[in-house]
Every structure is written in structure tokens, then in C-alpha cells.
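Please find one structure pasted underneath; my questions will follow.
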Amino acid sequence: MRAVFKMKWGASMVGWRDEYSVGIPLIDEQHKNMFKMCNELIEILKNEKEVSFESIVGIIVELKKYTKYHFEQEELLMAKYQYSDIEEHKREHTKFVAELDNIKFGDIETEQLRVVKELVNHTTSWIIKHILSSDFKYSELISKSLDGGKMLDR
Ligand SMILES: [Fe+2]
């Protein structure tokens, strides 16, 4: 086993609020899952239990994978409903994915608390900001469409 985390962190959980809803159940569900993963990281850091490097990295890898999956789904939805600002929205996604891909796991091993704290803070504030500004822009078109964004289910 590699480095072991033993730390205390006073960060509070990221709570889901109804005002974050884009009115498309499928997308809301995915956003909630992303919150859940960030909360798992916060929970691990808050507990004074010893945490292995591998378990922290495991959650971060999952978060990265899930974020990419979620962005793909959103982009598919925007394309199907012919959302006009899709290209700009995709650029925001691409930029954030690049940021996640740039996380250096070596840094997590040497500067544990700082790196993971920064990642959680950055990710949660990015998601909330992105939902409230960019996702809200496509939400009206899709949620008010005849099938309310269910096109991906079929
Ligand atoms: Fe988005």
C-alpha cells in the first residue's frame, strides 16, 4: 500500500437544491450523482480514519469517468433537440474534462490534503456554476418540448 491519508477536514457536504433542477429528470439524476461522488471524497477526508491513496484515486477516476459519460449524454440530448448553442456548451465541457485529465496523481500522494481539497472545491463550484448558467440555457428548450427530454430513453 502506498501513502496513507490521515487527516481532518472541516468541509461540509454539497447539498442538492431544487433550484439546481434543469427540469429534465435524466439530467437531474446525473447531476445528483456527481454531487454524490464529491460528497464521498469530502466524507473520506472528514473522517479521521486512515485512507489509502488507492481509494482516493479510485473515487477520482470514477468521478472523471462519470463526468465524461454525463457530458456525452447532455451533448447527445442537445444535438437531438437541435439546441443552437451546442458548440459553445461543448467547449465548456471539453475544457473541464481537460482539467480533470490534468490531475496529477503523484501530487495527491505527496500533497494529499491540499490537492484533494482543491479538486473537490473546484469541481463542486464548477458543476453548480455550469448548471445554473450553461445547463439552464438549454433546459427550457428541452424540458418544454413535447416529451420533456425523454428522447434519450428511447
Ligand atoms: Fe453541461
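If VAL97 passes every condition in (1) within 15 Å of the ligand (Cβ to nearest atom); (2) modelled with pLDDT under 90; (3) not polar (S, T, N, Q) but one, which one does it miss?
Among (1) within 15 Å of the ligand (Cβ to nearest atom); (2) modelled with pLDDT under 90; (3) not polar (S, T, N, Q), VAL97 violates only (2).
Checking the structure you have, find out if any residue of the range 73-81 is within 16 Å of the ligand (Cβ to nearest atom), in a loop (DSSP other than H, G, I, E, B) and over 30 Å from GLN112 (Cα atoms).
Applying the first criterion (within 16 Å of the ligand (Cβ to nearest atom)) to the range 73-81 yields 73-81.
When the remaining residues are screened for being in a loop (DSSP other than H, G, I, E, B), the result is 81.
Next, only the ones that are over 30 Å from GLN112 (Cα atoms) stay: 81.
Scanning the range 73-81, I find at least one residue that is within 16 Å of the ligand (Cβ to nearest atom), in a loop (DSSP other than H, G, I, E, B) and over 30 Å from GLN112 (Cα atoms), so the answer is yes.
Report, by residue number, each residue of the range 100-134 that is of a type in the set (A, V, I, L, M) and either away from the ligand (no atom under 16 Å from the Cβ) or outside any helix (DSSP H, G or I) (or both).
Initially, the range 100-134 is screened for residues of a type in the set (A, V, I, L, M), giving 100, 103, 108, 113, 115-116, 119-120, 127-128, 131-132.
If the condition is that a residue be of a type in the set (A, V, I, L, M) and either away from the ligand (no atom under 16 Å from the Cβ) or outside any helix (DSSP H, G or I) (or both), then ILE103, ILE108, LEU113, VAL115, VAL116, LEU119, VAL120 are the ones that fit.
Scanning the range 136-154 for residues that are modelled with pLDDT of 85 or more and touching a helix residue (DSSP H, G or I) at 6+ places or on another chain (Cβ under 7 Å), which turns out farthest from TYR83 (Cα to Cα)?
Filtering the range 136-154 for residues that are modelled with pLDDT of 85 or more and touching a helix residue (DSSP H, G or I) at 6+ places or on another chain (Cβ under 7 Å), the one farthest from TYR83 (Cα to Cα) comes out as ILE142.
The values are calculated or read from the model by the stated rules, or taken from the named source; none is laboratory data. Because the structure is predicted, anything quoted here is derived from the model rather than measured. Using ideal geometry, Cβ is built from the backbone for each residue, glycine included, and neighbour counts are taken over all protein chains shown.
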